[in-house]
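Here the structure comes first, spelled out in structure tokens, and everything after it is commentary.
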Amino acid sequence: MAETNQAGYQSFTIGGFEFRRDEYFAYIRSPKGDHQMSVDAFLRALQRDVAWGFFYGLVNFDTIFGTFNHYGTVDMFMGRFNEAFRASGLDYNETFDSEHLMKAFRAMLDDWTIEGFDPFAAPGETGTPFGSKRGHNRAAINRQRVAAKRMVGVPGDAPRRTDEAGFPVNRHFADVAQDEPEIEIEPGFEGQVAAFNLFAYLSRSDVTWNPSVCSVVQDSLMCPTSEEYILPILHGNDRVEWFIQLSDQITWDVQDKNTGQPRARVTMKAGDVAAMPADIRHQGYSPKRSMLLVWENAAAELPRLIAEGKAPTAPVAF
Ligand code: PHB
Ligand code: FE
């Protein structure tokens, strides 16, 4: 049995980093200094980093600590993307084999997430992350991310969500129509045409801030998601992402990727479209549950092309 602290939690040493939690806080120690976050925010961010396989580019848990995906290896850092930390030489970065860091992050998420707390859930729909160690919530933290091979609803692919499958309509989406499209197929094309009601699908999402791959055409990934409260990470893009606000409203704080200097505050209402450039970090606020379509370009060469200046950081020049 691993040693536990007074609050009942395990501590973790990962390379030069040490992690521990108590009733309210996560503490991170690098060889250059100490950092502290609310364990609520820390676990919500850790859950995304784990479930998304370190995601595209930078996953900043806050303005100081985070990970930088190099797709095979991953950097873990403190203060690397913070001007003040860098200026005073307190920034620290270490590179890990992705599988190794993932294993350690999974173990930490497993031990630190207590019974009743779901890091994917909106705050109003879950129990507390605070307090001393009580049980686990493995059903929540090990959810399989939806990753359609072609499209949700295609036979043999990711299924639609239903009451029977344990996905009731969310309280904020009681007015969303649940009828499915009628499909009339020309003879000879049976088995080749599919359609589903995306709004009904999203109205039944049990998680927040968790884009799921709902349709795929080569490198074009449609990743809709339902949002409520705060995106738990400040995402530093390594490519352009498009946002289409499908319902309600989200406000985005957009900052310079490297320094964190404010660049824009973007309020998106239903129907609004925005392109998030490749040289920014962003964090969204959704006052009530809303639907957002994130459109990702999964082409593996993009981060290199952008870093070398061979592809633009923004898709449109005005
Ligand atoms: C993003 O960083 O672009 C992002 C991540 C998760 C979401 C929405 C947007 O739910
Ligand atoms: Fe992003």
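The values are calculated or read from the model by the stated rules, or taken from the named source; none is laboratory data. The structure presented is a predicted model; accordingly, all values stated were derived computationally and were not measured. A quick note on method: Cβ atoms are made from the backbone with ideal geometry, for glycine too, and the neighbour counts reach across all protein chains shown. We work out accessible area using only protein heavy atoms, side chains counted, and drop any ligands, DNA or RNA first. Shrake-Rupley method; radii C 1.70, N 1.55, O 1.52, S 1.80 Å.
Residue-level check: of (1) under 27 Å from ALA147 (Cβ atoms); (2) buried (at least 19 other Cβ atoms within 10 Å of the Cβ), GLN255 misses just (1). Of all residues in segment 46-58, those that are within 11 Å of ligand 1 (Cβ to nearest atom) and either within 25 Å of GLY127 (Cα to Cα) or not aliphatic (A, V, I, L, M) (or both) total 6.
For ALA317, the requirement of being more than 11 Å from ligand 2 (Cβ to nearest atom), over 20 Å from PHE55 (Cβ atoms), out of contact with any Ser or Thr (no Cβ under 9 Å at 6 or more places or on another chain) and not in a loop (DSSP other than H, G, I, E, B) is not met. Entry remark, segment 31-87: residues being within 16 Å of ligand 2 (Cβ to nearest atom), part of a strand (DSSP E or B) and of a type in the set (Ser, Thr, Tyr) number 1 in total. When you look at ARG106, is it outside any loop (DSSP other than H, G, I, E, B) and open to solvent by 70 Å² or more (accessible area, probe 1.4 Å), yes or no? Criteria met by ARG106.
Given the criteria surrounded by 17 or more Cβ atoms within 10 Å (Cβ to Cβ), of a type in the set (D, E, K, R) and at negative phi, does GLU227 qualify? Yes. Comparison of PHE199, PHE173 shows that the only residue that is open to solvent by less than 60 Å² (accessible area, probe 1.4 Å) and of a type in the set (Phe, Trp, Tyr) is PHE173. Being more than 16 Å from ligand 1 (Cβ to nearest atom) and surrounded by 15 or more Cβ atoms within 10 Å (Cβ to Cβ) is a description that applies to SER11.
Here is a check on your reading of the model: is ASP219 of a type in the set (D, E, K, R), touching a residue at least 24 places away in the same chain (Cβ under 8 Å) and open to solvent by 40 Å² or more (accessible area, probe 1.4 Å)? Break it down stepwise before answering.
On the way: of a type in the set (D, E, K, R): yes; touching a residue at least 24 places away in the same chain (Cβ under 8 Å): yes; open to solvent by 40 Å² or more (accessible area, probe 1.4 Å): yes.
For ASP219, the condition - of a type in the set (D, E, K, R), touching a residue at least 24 places away in the same chain (Cβ under 8 Å) and open to solvent by 40 Å² or more (accessible area, probe 1.4 Å) - is met.
Please work out if PHE117 is among the aromatic types (Phe, Trp, Tyr), within 16 Å of ligand 1 (Cβ to nearest atom) and buried (at least 21 other Cβ atoms within 10 Å of the Cβ).
Values: among the aromatic types (Phe, Trp, Tyr): yes; within 16 Å of ligand 1 (Cβ to nearest atom): no; buried (at least 21 other Cβ atoms within 10 Å of the Cβ): yes.
So PHE117 does not fit the description; no.
If you check SER38, SER88, which single one turns out to be of a type in the set (Ser, Thr, Tyr), closer than 22 Å to ASN137 by Cβ, surrounded by fewer than 19 Cβ atoms within 10 Å (Cβ to Cβ) and more than 16 Å from ligand 1 (Cβ to nearest atom)? Break it down stepwise before answering.
Values: SER88 fails: closer than 22 Å to ASN137 by Cβ.
It is SER38.
For segment 270-318, residues that are open to solvent by less than 40 Å² (accessible area, probe 1.4 Å), of a type in the set (Lys, Arg) and touching a helix residue (DSSP H, G or I) at 6+ places or on another chain (Cβ under 9 Å) total 1. Residues in segment 171-208 that are touching a Lys or Arg at 6+ places or on another chain (Cβ under 6 Å), assigned to a loop (DSSP other than H, G, I, E, B) and under 25 Å from THR126 (Cβ atoms): ARG204 only. Within this structure, GLY131 fails the test of being closer than 19 Å to ALA26 by Cα, in a loop (DSSP other than H, G, I, E, B), free of Cβ contacts under 8 Å to residues at least 24 places away in the same chain and out of contact with any helix residue (DSSP H, G or I) (no Cβ under 8 Å at 6 or more places or on another chain).
Being among the aromatic types (Phe, Trp, Tyr), assigned to a helix (DSSP H, G or I), away from ligand 1 (no atom under 16 Å from the Cβ) and on the phi < 0 side of the Ramachandran plot is a description that does not apply to PHE96.
Of the residues that make up segment 261-268, is at least one within 14 Å of ligand 1 (Cβ to nearest atom) and over 28 Å from GLN144 (Cα atoms)? If you could, list the steps in order and put the result at the bottom.
First pass over segment 261-268, keeping only residues within 14 Å of ligand 1 (Cβ to nearest atom): 266, 268.
If we keep only those that are over 28 Å from GLN144 (Cα atoms) as well, we get 266, 268.
Taking every residue of segment 261-268 in turn, at least one turns out to be within 14 Å of ligand 1 (Cβ to nearest atom) and over 28 Å from GLN144 (Cα atoms).
Flag: VAL146 matches the condition of being open to solvent by less than 40 Å² (accessible area, probe 1.4 Å), at pLDDT below 95 and not aromatic (Phe, Trp, Tyr).
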